[in-house]
Structure formats: C-alpha cells, structure tokens
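Asks: Have a look at the structure that comes next, please.
Bear in mind these aren't lab numbers, they're just calculated from the coordinates by the rules spelled out. Computed from a predicted structure; not experimentally measured. Please note: Cβ atoms are built from the backbone with ideal geometry, for glycine as well, and neighbour counts cover all protein chains shown.
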Amino acid sequence: MSKHSVSRRDVMAGVAASAALAGLPAAAHALTPQLRLEATTREIEVNGKLVQRLAVVGPDGPEGLRLKRGDHFKFRLVNKLKTETLIHWHGLILPPSQDGVPGISAPAIPPGGSADYDFPLVQAGTYWMHSHVGFQEQQGLAMPLILEDPDDPLSGLQEVVLFLEDFTFKDPYAILKVLQGRTSAASGGMTMPAGAKMPEGMKMPEGMKMPEGMKMSEGMKMSDGMKMDGGMAGMEGMADLNDVDFDAYLANSRTLRDPQVVRVERNGKVRVRIINGGASTNFFITAGGQSARLIAVDGEPVQPIDDTVFPIGIAQRIDLLVDVPAGAVVPILAQREGDTIRTGLILAAPGAQVAKVSEQADAKSGAMGVELESRLRTAVPLPPRSIDTELLSTLSGNMEKYIWMMHGDVYPKNKPLVVTTGQRAAIRMRYETGMAHPMHLHGHVFQVVEIAGKALDGAVRDTVMVPPMSDVVVVFDANNPGNWAYHCHNLYHMEVGMFSYLTYIPAT
C-alpha cells in the first residue's frame, strides 16, 4: 500500500495518537517477558533457484509463532530491512494502536527502528501476520500465528500448519504496471480476464495470453473430485479469476518438486491448519481424494462439515481433521482456482513409501463461489440482538483499466464506514462486476447472515469472499472504538485503492 501511504498519513493524521494504547491493562504486565520479532530476509530455493525473500523471524524461526489464549502478546518488532515496514496481526481483536497499518493505527517502522506490542490474547485459532506496507507481504514478509486454546478437547491431536503463498521472481510493481497497461515489462505475469475483449486497435502486449476462461472445455473433467463451487454455476463466462500467473505456489516455502513430508505418529488423525497467505490466489484444498472434516474457519469454530474439496479464499483460514490410515500417504493439496497448478505437503504413516506428486492436476479446477460459505454454520453465534444500523459498502472496478474501488472511489478519496459505539451493525457488501473479492475488516469478527438475498446463520469470521454480481451481509458488534482498516485482501487490488476504513463516533 506504499503507493498511497503518504496521503493516508495525511488523511489519518493523529489517529494513532488519539487511540494510543486504548483498552490496554495497566502495569504493562511486567511479569510477562518481552520477546523479539524481526523483519529481515532469508534465502529459500524455488524451482531450483536460490532467492532472497523478506521474512518475519520469531523465537521459533520463520515458520510461525505459537501462543495461547490468555497469554499476553508482548513483543518488540525490530526492522532489519533497508525500507520501512509494519506488521498486521491478521484476525486478532486488539487495541487499534497495535493493529499494524501505516496511517491508520501507527506510523511505519523505519530501517533500524522498532515498535513494541503489548495486548491480551482473547482468541484461540488459526491466524497469521503479514506486512501492511506495499508488496512486502507478496515478497515473503508473513508467517503463521497460532493461538492455542487451553481448553481445546482436540489438543492431544498432532497438528500441522500449511501456509500457502503465491511466488514471483518479478518485481510486483512491474507486474502491477502491466496490469494497469503502462508497460509490457514482466507481462508474463499477467492474463486477460475471462471473456474480456481487447479495445479496438489495441494489440496484445508481448507475453500476454488470453485464457480459456472458466468454461470447461468439451471432454474435460474436474480434477481430484473437484467441482465448480455451486455459487458460481452458470457464471463461467462472466467472472474474472486470476489477475496474475505466478512463477510458483508454495506450501511452507516449498513446491511439490520437494514437498514437506510429515510423519503421522499419533492416532492416525491430524489437525491441519491451512492459511491462504497468497497475495492474489484462491485455492481448492483436497486430502488425497478422501473426505476430511472442516471444524473451523478464520480461527472460529463451525459445525463440522465432511467433504472432499474445500475452497479457501485469499487471507482465509480453515482447520481440517484428516485421517491417515496405517501404511497410507495422504497429500494435502492446494490447487489454484481455474488452473491445474497445485502445491501442498504430504502426510505419511510410519514406514509408508512416499511417491512423487505432480504439480499439475489432471484438469483445471472450477471457480470459487459461495457453495461452502452458504453451508457453514457457526458453532458460537454472536449474542442475539437486533441490528441498529446497516451500512452499504459498494465494491466496483474495471479489470481492463485495472481500477478497483470502494464506496465509489479509490482510497483515500472514498468515504469510510461510520458506526456508533455500542451498535450492532450490518455491512451490506455489494459487488456488480465479474471478479470475487476477499473483504477483510480489522479489529473485529463478524457473522455472515445473508448471501445473494438468502438469509442464514453463517460462519463467524474476519474475511469473506464477495462473489461477482451479488451481495453479502455481515453483522458485528461495534465494541472496539477506533479507526480500523477495511479492504479487499487481493494485494494488487488494495494497492490501486480498494481500501477504506471503519470509524467510530461516541454514543450520545
């Protein structure tokens, strides 16, 4: 979001000061030791090439951070990069000054600088952390954040975290320029949207390709038991799927050329916590063709759903229970929406022989819609009460011009959503063109209560996919006063202005 960072700071001047440490307990919990996180770099291998990536490194390394509900998040974040940075703790309910969004919650940390964080952890579940500066998240400045529940009846199960990323060797800003039509440089990272037409007299930039779109070719079958998500049925020619063709898709920083193999030692059952840390990619999750049980989304428990395919949108998380029979090998695969490319890791029983898994599925996946979202039912609904206010959040854009907007304009020209402290508020997210958007509200959880005009007691979560040409309604309690980022989590959309915020006014 660096493109708009200066104007954001101008617009939101004084926000961090006015919200400073609101709601933090006294005494700063002196008995809790302060730990250290570093924004730094590390070397990984991708497709046979060694590359330097950005990284968050904690007490347990770059693989993730694991804490408990009831603990205190007491860390010093040290910036060892040559550019400014700031980390957002995605999905956490916390004081606004601690949220990690430049110009909204706090200033960015300069090179060599640091920032201190100190707030109680009131949730348990699968979360993550990532930079909220420019394309640093795309460049690797992200990692899992797991909050354990001391009372979790499944705490005895073996756990595996699967962190998904889309990777490019190119400069993300060069890709963005191609998307905006400014230059043909790095255009191999771009595809035209399904059904889009080139303007009269305009040539296809070198390296750009026109995909087949979402319509299944004659004789094509869906791969690995995959089906088109029901919410997109009949919309094959109307939706835009992928903005960018990436060079690789990573699962815990590895591809299927050399996947992580996890030996299953206890009970033959594994809790797999899956985080879509991709900048611009939705995935479909499978467990070797067998059924798995979905038990949580975005860190919040849901009534269990058994199925063979689970869509996961950008920035969303799902928890699956997966059985690994004696002698068996179960690949946990993430296939890119509308494509054959996939990534993943391997669960293997003791002594089981692990065969190579191809990076290419037999056929393309379908489009992510609302079929699963419509089936989800929370295990812990919001307390019953009437809705005090409904806020309309219009989402719009143009794929060919690569303009994405909220509330009629790009940030910071658009208007925020406004709530009064103490209200039960609804947000009607309305989108009328051909690309789904993962919408994320900071500092709160919300419950999905309506999709495409159909009421439901849906999941409690923090990121929801808004399908093309449809409405999604969510409700939340306005009980965390401050200014909170609210945006599309497709990083390329957010960078061009699909960003806004929620602001509070005091109750009278």
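Asks: What whole-number distance in Å separates the alpha-carbon centres of segment 380-448 and segment 452-474?
Replies: 11 Å
Asks: Each residue of segment 464-476 in turn: what ³J(HN,Hα) in whole Hz from Karplus with 6.51, -1.76, 1.60 and θ = phi - 60°, glycine and Pro shown as x?
Replies: Result, rounded to whole Hz: 10, 7, 9, x, x, 6, 7, 10, 10, 10, 10, 10, 8.
Asks: Show me, for segment 451-456, the HN-Hα J-couplings you get by feeding each phi into the Karplus relation (A = 6.51, B = -1.76, C = 1.60, θ = phi - 60°), rounded to Hz, glycine and proline as x.
Replies: 9, 6, x, 9, 6, 7
Asks: Among 439, 469, 393, pick out the residue whose Cα is farthest towards the positive end of the charge dipole of segment 389-505, where Lys and Arg carry +1 and Asp and Glu carry -1 on C-beta, about the Cα centre.
Replies: Most positive-ward Cα: 393.
Asks: As a test of the definition: which semi-axes, in Å, follow for segment 389-505 when you take the square root of five times each eigenvalue of its alpha carbon gyration tensor? Largest first, please.
Replies: Details: eigenvalues 93, 59, 24 Å².
Working from the Cα gyration tensor, I get semi-axes of 22, 17, 11 Å.
Asks: Using alpha carbons only, how many angstrom separate the centre of segment 261-288 from the centre of segment 71-119?
Replies: 28 Å
Asks: Work out the length of the dipole vector of segment 428-505 about its Cα centre, built from +1 on the beta-carbon of each Lys and Arg and -1 on the beta-carbon of each Asp and Glu, and round it to the nearest 20 debye.
Replies: It works out to roughly 40 debye.
Asks: Where does each of 300-312, 476-488, 157-169 land if you order them by average Cβ count within 10 Å, highest first?
Replies: Most protected by this proxy first, the peptides run 476-488, 157-169, 300-312.
Asks: Between segment 47-65 and segment 130-170, what is the separation of their alpha carbon centroids in Å?
Replies: Taking the Cα centre of segment 130-170 as reference, the centre of segment 47-65 is 12 Å away.
Asks: Reachable aspartates and glutamates from residue 364, Cα under 14 Å, same-chain residues fewer than 8 places away excluded?
Replies: 212, 218, 224, 229, 236, 337, 339
Asks: What is the local net charge at residue 450, summed over the other residues whose Cβ is closer than 10 Å to its Cβ (Lys, Arg +1; Asp, Glu -1)?
Replies: Numbers: positive: 428, 454; negative: 471.
In short, +1.
Asks: In what sequence, highest mean first, do 111-121, 464-474, 427-437 appear when ranked by Cβ atoms within 10 angstrom? Walk me through the numbers before you get to the answer.
Replies: On the way: 111-121: 16.5, 464-474: 22.0, 427-437: 20.3.
So the order, starting with the most tightly packed, is 464-474, 427-437, 111-121.
Asks: Taking amide H positions as placed in the peptide plane 1.01 Å from N, state which residues far from residue 135 in sequence (5 or more) or on other chains have amide H under 5 Å from it.
Replies: The answer is 2.
Asks: Less than 15 Å Cβ to Cβ from residue 169, Lys/Arg counted +1 and Asp/Glu -1: what total charge do the surrounding residues give?
Replies: Cβ neighbours under 15 Å give a net charge of -4.
Asks: Starting from the Cα of residue 80, draw a straight line to each of the aspartates and glutamates and keep only those under 17 Å, dropping any in the same chain fewer than 8 residues away.
Replies: The reachable aspartates and glutamates, counting only those whose Cα sits under 17 Å from residue 80, are 38, 43, 116, 137.
Asks: What does the charge count around residue 296 come to, taking other residues whose C-beta lies under 12 Å from its C-beta (Lys +1, Arg +1, Asp -1, Glu -1)?
Replies: 0
Asks: Distance cut-off 29 Å, Cα to Cα: go down the list 269/356; 49/269; 269/454 and report the pairs above it.
Replies: Table pairs above 29 Å Cα-Cα are 49/269; 269/454.
Asks: Which residue, 54, 44, 65, has the largest displacement toward the positive end of the dipole of segment 26-88 when charges sit on each Cβ (Lys, Arg +1; Asp, Glu -1)?
Replies: Positive-most Cα among the choices belongs to 65.
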